Amino acid sequence: MTKSAVSVRAIDAEARTAIIAGNGLLPQVVAKALEKKGNPPFVICLKGEADESLKRFDHETVSVVEFTRLIKALKQAGAKNVILAGGVRQRPHLSDIRLDMTTIRALPRVFKALGKGDDALLRAFIGLLESYGFHMVGAHQIVPDILAPAASVLTAVKPDKKEQHNIDLAREAAFILGKLDVGQGAIAAGGRVVALEGAEGTDNMIERVRQLRQEGRIPRQGGVLVKCAKPAQDERADLPTIGIDTVTNIAAAGLAGIAIEAGRTVMLSYHDTVQSADAQGLFIVTFDSPRE
């Protein structure tokens with residue numbers, strides 16, 4: 001099995017945990033899990049990204065470019081563990097960065113990573129936080145059951161021979177895409193790859209396929225969304241994710257199902273997601289991690 005380029009350290013369950021919260025449901029899932037364990041989190045709500053509901057927790061709202069303020073807030077809250085959860089729609093603009101000693105110290109890593117893919121930028125950010133003594137933790141270390149189960153069919157519907165061929169094609173494409181640190185997903189339909197995930201994200205890729213169908217440029221029905229982690233994925237951040245919205249979107253695009261990497265893909269609201277797929281006659285399957 002392909003492993004993360006970074007080993008995941010055990011979490012200190014007694015230490016205070018902070019969540020740097022972007023958009024989506026994952027920050028809320030992690031925050032509620034920590035609260036249930038009796039260790040309510042400190043939440044860094046990224047401005048313009050984090051859901052308002054997270055503000056019921058002890059929190060601070062910080063812009064994605066306010067690195068000095070971020071470090072200060074984490075230290076004042078007494079946080080030791082830090083979790084990156086949720087997406088960020090826009091990359092930081094250099095013109096928005098406020099120069100101070102903390103930021104100047106961070107710039108060499110930022111400059112080096114900006115010209116590369118998202119994973120390189122995340123690794124740089126994680127490295128910066130660790131340099132200040134914080135212990136970076138994966139969301140799945142707090143909520144282990146959010147990861148997709150071992151290779152299996154999760155729904156009542158199974159992929160037929162035609163869709164299995166589409167899965168194989170999209171898996172290969174997604175794996176190559178991940179090696180280039182470009183994206184984590186691909187869509188195959190009608191026996192060919194019709195879309196690759198780029199900076200626009202999964203939902204917009206699916207919407208692009210829906211539009212292609214309306215224009216008659218690809219077969220009107222069938223096809224599969226495949227998502228898998230990048231070969232060198234740092235599993236503490238940005239694991240591929242699906243949920244009810246993904247199911248709704250692929251149904252609208254006329255796709256037949258979803259195939260995801262077991263153990264390295266986050267499934268939000270697992271039972272509801274599977275039930276939604278069943279209700280719409282779609283399949284969800286998991287597969288083992290690809291090998292180099």
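The values are calculated or read from the model by the stated rules, or taken from the named source; none is laboratory data. Fair warning: this is a prediction, and the values are worked out from it, not measured in the lab. Quick reminder, even Gly has a Cβ in these numbers, built from the backbone with ideal geometry, and neighbours come from all protein chains shown. When the accessible area is computed, the model is the full protein with side chains, heavy atoms only, and any ligands, DNA or RNA have been set aside. Shrake-Rupley method; radii C 1.70, N 1.55, O 1.52, S 1.80 Å.
Over the stretch 159-292, the ratio between the Cα radius of gyration and 2.2 N^0.38 Å evaluates to 0.95.
Sparsely packed loop sites in the stretch 169-231 (the GluC sites (Glu not before Pro) outside DSSP H, G, I, E and B with at most 10 other Cβ atoms within 10 Å) comprise E215.
With respect to the cross-link table entries K47/K72; K55/K230; K55/K75, which display a Cα-Cα separation exceeding 23 Å?
The answer is K55/K230.
Positive contributions from Lys and Arg (+1) and negative ones from Asp and Glu (-1), summed over other residues with Cβ under 14 Å from the Cβ of Q214, come out at +3. Only bridges whose two residues both fall in the stretch 136-292 count here: according to DSSP, what percent of them are antiparallel, nearest 5? Of the beta bridges lying entirely in the stretch 136-292, close to 50 percent run antiparallel.
Per residue, the accessible area of the stretch 145-200 comes to 50 Å² when a 1.4 Å probe rolls over the protein heavy atoms. The residues D288, D234, sorted by heavy-atom accessible surface at 1.4 Å with ligands and nucleic acids left out, run D288, D234 from largest to smallest.
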